[in-house]
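The values are calculated or read from the model by the stated rules, or taken from the named source; none is laboratory data. This is a predicted model, so every value here is computed, not measured. Note that each Cβ is placed from the backbone with ideal geometry, even for glycine, and that neighbours are counted across all protein chains shown. Keep in mind that these areas ignore ligands, DNA and RNA; they rest on the heavy atoms of the full protein, side chains included. Shrake-Rupley method; radii C 1.70, N 1.55, O 1.52, S 1.80 Å.
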Amino acid sequence: FALLLPLSAQAQDAAAGEKAFTACKACHAFGKNGVGPNLTGVVGRKAASVEGYNYSAALKDSGITWDEANLKEWLIGPATNKVKGTKMVYQGLKDEKKTADVIAYLATMK
């Protein structure tokens, strides 16, 4: 039965998301920019809005706000699904449960 529920109805696990976020740590941190922008407070934030980070024109012009739906699409395939022409080359999580868990974890990092 759980397989028939939409992803948003499944329990999101921030602790599991923290573990899955390990793949993101090569480029992203909280509290400072790195190869990628600072992710503190990313959930609910307008894309390309962190001061001091050099975003691609594609992301600056996207008009996206990082809500759950946009983050989900982005994390599953950042370079191909959401905004073509970004600098992010990561191929994506490819797993909806891990993606939901990472979003739950990101939501805790305010």
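Each Cα pair under 8 Å and six or more residues apart adds its sequence gap; the mean of these over the residue count of the chain is a relative contact order of 35 percent. Label sites at LYS110 and ALA69, each approximated as a point 7 angstrom past Cα along Cα to Cβ, lie 2.3 nm apart. The figure for LEU71 is an accessible area of roughly 10 square angstrom, using a 1.4 Å probe on the protein chains alone. With 0.36 nm allotted per residue and the present C-alpha distance subtracted, the LYS32-LYS84 stretch has 16.2 nm of extension available.
A Förster radius of 30 Å, combined with the Cβ-Cβ distance separating GLN91 from GLU51, puts the computed FRET efficiency at roughly 0.60.
Could you list the GluC sites (Glu not before Pro) in region 32-110 that lie in coil according to DSSP, counting only those with at most 11 other Cβ atoms within 10 Å of their Cβ? Passing both the DSSP loop test and the Cβ count: GLU51.
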